[in-house]
Every structure is written in C-alpha cells, then in structure tokens.
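Attaching a single structure in structure tokens format; questions to follow.
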Amino acid sequence: MKILGIETSCDDTGLAIYDSERGLCGHLLHSQTTTHLPYGGVVPELAARDHIAQVIPLIQQLLEKTGLQASDIDGLAYTAGPGLVGALLVGACIGRSLGMAWSVPTLGVHHMEAHLLAPMLEPRAPSFPFLALLVSGGHTLLVEVKELGQYHLLGESLDDAVGEAFDKTAKLLGLGYPGGPALAKLAEQGDPQHFHLPRPMIDRPGLDFSFSGLKTAVLTLWQELGQNKDQAPHIARAFEEAVVDTLLIKCRRALEQTGLQQLVVAGGVSANLRLRQNLLQLATEHNWQIFFPRHEFCTDNGAMVAYAGCQRLLRGERDGLEIQVKPRWSLADLSS
Ligand code: KG4
Ligand code: ZN
C-alpha cells in the first residue's frame, strides 16, 4: 500500500510517499523560514497561503522523483491537528480533494502521533510498548505507548513547551527565528560552569514539566548582565544544560515508574545534540534502549505523516464525509 503524506500543520510543507511493503519511497520539504523571518515568528495567515502555493507542485515533484504515477497511490494521509487552523485546512482540503479525484481513501492523522512513530522509519526501530518523550514547539509530553493508538499521558508541560522555551530564550538573546537550533549552536561556545540556572519542578513528585520559570530566570540574568553579548554563549549553555537535565530526570523517573525498557524521543527538540548525547549516556548506564528519528525527521516532515497514516489506513480507518481539522487535539483522545 503506497500512501502519500501531507504535513502542513505549521511552517513546513512536508510531502512523502510511504510504501507498506518497501518503506519510504521519497520525501520533500519546503521550509517557510524566510517568509516568517522578518516577523520573528510564524504568521499563521502567511503560513496557510504559502502551503497553498507549495503543496501541489511538491506532489508533482515527488511523483517525478520517485518515478511513481498518481495511479500508484493507494491512499492519502494529512495532518488534521493539532496546529494552526488555516495551515491544517490547506493540507486537509488538498488531501481530501485528491482522494476523491484519485478514488482512494484518505485519513487525517494526529501530528504528535506522527512524531512519536517517526523512529519506526529507521532500520533499528522500537517495538511496542515503549515510553515516548515528545518535545516540539507546541508540546512537551511523556507518553506510555502501549500499542498504535493506545496512549497513556504520564506528564506534560504546565506552561511553555520546551521548543517554545528555546525559541523565546533565543529571541531574548537576539538570535531571531527559528531560535532552537541557533541557541544550541551558540551554547557550543559557552562554558557550562559559568552560570547555573534552576532545573524546574525536579524536586516535586510527578512527571509534569514547567519551563516558563526558566525563561524568566534567563530574562533576569540577561538584564542583570546589562544584556552583555559576550555573556550570551554562557547563558545559552546554562539554559540548554538546565533543559536537558530536567528532561533527563523526568525520563528516568518515568522509565523506573513504568518498568519500560525502551525510550523514544521525537519532535523538533529531539534534534538537539546535547539532549541526544546525554539521553544516550543515561540509557547506556541503565541498559535501556533509546530510539530517535534521523535528524531530518525530528522536525516537521511528510514522512512521519505518511507512515502514521499508512498504519491506520491498513487497519481500515477512513475519513468520514466531512472535512474536519482539530487545531487543539489531545493525544490521549486517540485511545479508545
Ligand atoms: O516538531 P517541530 O518541527 O514543530 C512542532 O511540532 O512544533 O518542532 C519545532 C521546535 C522549535 O521550537 C525549534 O526551535 C525546536 O523544535 N528545535 C530545536 C532544535 N531544532 C529544532 N530546539 C533545540 N535544539 C535544536 N537543535
Ligand atoms: Zn511537529
């Protein structure tokens, strides 16, 4: 079964074709960074308009690149939420229209489910059950994944998502948009001993996160230092260390609590090298297995949507007659 996946939940247009027999046939990504750069963040209306301009030409390119015809496609999957409503509607409307034109089934998929299944695209993939740490621009979730569609939410951020904290801290330090990768790069030049920032909520029991206090701690420090640019690398490093430590502590707690042996880490922030290295070390020490998506599938992409859609279409799931997107949609709602 060959499934065309369409990702348009935010500022990346991602297209991919996944074959249930052969694996990933190909994928393409158009990033809108230059469109939103002058505004310092994603402008929802511009994001939707750019998706409209990109999706169809990218599908044509992808078919050419993979040597496939429209008639080879057995189904379509698109991100139905959570995300920006206008952006989601573009993927949903194009996906549904092509499904009707090509007489194939379609399915709207959950963006965070697609992220958590992304490591399944790798040759060394996890098997159910596993613990998932999902760290993106909109979500920070610890999930016990029993099987496809069976998700027990163990913890989440009570305020800012971790990617959002990276982006806001980067903006504060004058690094622009998108902030996460820029802040991680600057942190490389920083001394980890220079400043110490609080590790939020680690002294409290439970598996929830909070990152807004850390962001405020950075703001206070930055102001005390008179916004001295020479200190920015040290602040970036202290921020990254605090975030990574906090995520590590909660992952360890969740693995010990559930007795699970496999940890999946996905979403945009899973591209962070320090997070990957430190989690790998933790897993090695405890004999846990750890799984990440390849770098390009950490952030938003069409491959994860094609994969997730394919698994659910294979189970016989189909869209109803209505075109529906869900800008807010809890992963826990997928569990039946
Ligand atoms: O999953 P994603 O592409 O989009 C959402 O679903 O939100 O995640 C984007 C987030 C942004 O906040 C971005 O700054 C962050 O992932 N990010 C990183 C890195 N690469 C992307 N954060 C820290 N270090 C990175 N290397
Ligand atoms: Zn995402």
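Counting only residues 5 or more places away or on other chains, whose amide H sits under 5 Å from the amide H of Ser335 once H atoms are built in the peptide plane?
Under 5 Å from the amide H of Ser335 lie the amide H atoms of Tyr151, each far enough along the sequence or on another chain.
Under the rule of at least 5 residues apart or a separate chain, name every residue whose amide H is placed under 5 Å from the amide H of Ile290.
Leu263
Then there is this: If I model a spin label as a point 7 Å beyond the Cα along the Cα-Cβ vector, how far apart are those points for Thr34 and Gln189 in nm?
Distance between label points: 2.6 nm.
Continuing with the same structure: Between Ile323 and Thr216, what is the spin-label point distance in nm, taking each point 7 Å from the Cα along the Cα→C-beta axis?
About 4.4 nm, to one decimal.
Calculate the all-directions average of the projected area of the stretch 34-105's alpha-carbon convex hull, and give it in nm².
Mean projected area of the Cα convex hull: 5.4 nm².
Okay, helix-only estimate at 222 nm for the chain: each DSSP H run of n ≥ 4 adds -39500 (n - 2.57), divide by all residues, round to 500 deg cm²/dmol; what do you get? All intermediate terms of the calculation are to be shown ahead of the outcome.
Working: 10 runs with 139 residues, N = 336.
Only helices count here, giving -13500 deg cm²/dmol.
Sticking with this structure for a sec: Can you tell me the accessible area per residue over the chain, all protein chains present, probe 1.4 angstrom, in square angstrom? Mind dumping the intermediate values first?
Working: 14230 Å² over 336 residues.
Value for the chain: 42 Å² per residue.
For the stretch 1-40, count all C-alpha to C-alpha pairs, find those more than 14 Å apart, and express that count as a whole percent of the total.
When every Cα pair of the stretch 1-40 is considered, 53 percent fall beyond 14 Å.
Would you mind counting up the charge near Leu260? Only other residues with Cβ under 14 Å from its Cβ, with Lys and Arg at +1 and Asp and Glu at -1.
Here the charged neighbours net out to +1.
Using only protein heavy atoms and a 1.4 Å probe, report how much of His51 is accessible, in Å² to the nearest 10.
0
Contour minus end-to-end for Ala70 and Glu296, with contour as 0.36 nm per residue of separation and end-to-end as the Cα-Cα distance?
Computed gain between Ala70 and Glu296 is 78.8 nm.
In addition: Going by accessible area, probe 1.4 Å, with all protein chains left in place, what is the ranking of Tyr39, Tyr78, largest first?
Descending accessible area places them as Tyr39, Tyr78.
Can you compute the modelled spin-label distance between Asp203 and Leu158, with each label point 7 Å from Cα toward Cβ, in nm?
Reported label-point gap for Asp203 and Leu158 is 1.4 nm.
Also, quick follow-up: Given a 1.4 Å probe and every protein chain left where it sits, what share in percent of the accessible area of the chain is carbon and sulfur?
Ligands and nucleic acids excluded, carbon and sulfur reach 51 percent.
Let me ask you something else. Would you list Lys215, Lys250, Lys326 from the most to the least accessible area, probe 1.4 Å?
Final ranking, largest accessible area leading: Lys326, Lys215, Lys250.
What do you get for GluC sites (Glu not before Pro) in the stretch 126-220 restricted to DSSP loop and a cutoff of at most 12 other Cβ within 10 Å of the site's Cβ?
Within the stretch 126-220, the qualifying GluC sites (Glu not before Pro) (loop, at most 12 other Cβ atoms within 10 Å) are Glu188.
Grab the Cα-Cα distance for Gln281 and Ser127, subtract it from 0.36 nm times how many residues apart they are, and report the gain in nm with one decimal.
Taking Gln281 through Ser127 to full extension adds about 53.4 nm, to one decimal.
If you don't mind, another one. Let a ≥ b ≥ c be the square roots of the eigenvalues of the Cα gyration tensor of the stretch 108-264; is it rounded (a/c under 1.5), or, if not, prolate (a/b larger than b/c) or oblate?
Judged from the Cα gyration tensor, the stretch 108-264 comes out prolate (a/c at least 1.5, a/b above b/c).
Follow-up. Quick check: with the 1.4 Å probe, what order do Trp288, Trp222, Trp102 take by accessible area, largest first?
Trp102, Trp288, Trp222
Charges at C-beta only: +1 for Lys and Arg, -1 for Asp and Glu. How large is the resulting dipole of the chain about its Cα centre, in Debye rounded to 20?
Working: 26 positive and 36 negative charges, 27 e Å.
Value, rounded to 20: 140 debye.
If you don't mind, another one. Which of the lysines could a cross-linker span from Lys229 if the Cα-Cα distance has to be under 24 Å and same-chain partners fewer than 8 positions apart are dropped?
Excluding near neighbours in sequence, the set is Lys168, Lys171, Lys185, Lys215.
Thinking of the chain as a set of Cα atoms, what percent of all their pairs are more than 29 Å apart?
The calculated P(r) of the chain puts 38 percent of pairs beyond 29 Å.
Between the DSSP loop rule and a limit of at most 14 other Cβ atoms within 10 Å, which GluC sites (Glu not before Pro) in the stretch 4-106 are left?
Glu21
The values are calculated or read from the model by the stated rules, or taken from the named source; none is laboratory data. Since we're looking at a predicted model, the values are computed, not measured. Using ideal geometry, Cβ is built from the backbone for each residue, glycine included, and neighbour counts are taken over all protein chains shown. Quick note on the areas: whole protein, heavy atoms, side chains included, nothing else; ligands and nucleic acids left out. Shrake-Rupley method; radii C 1.70, N 1.55, O 1.52, S 1.80 Å.
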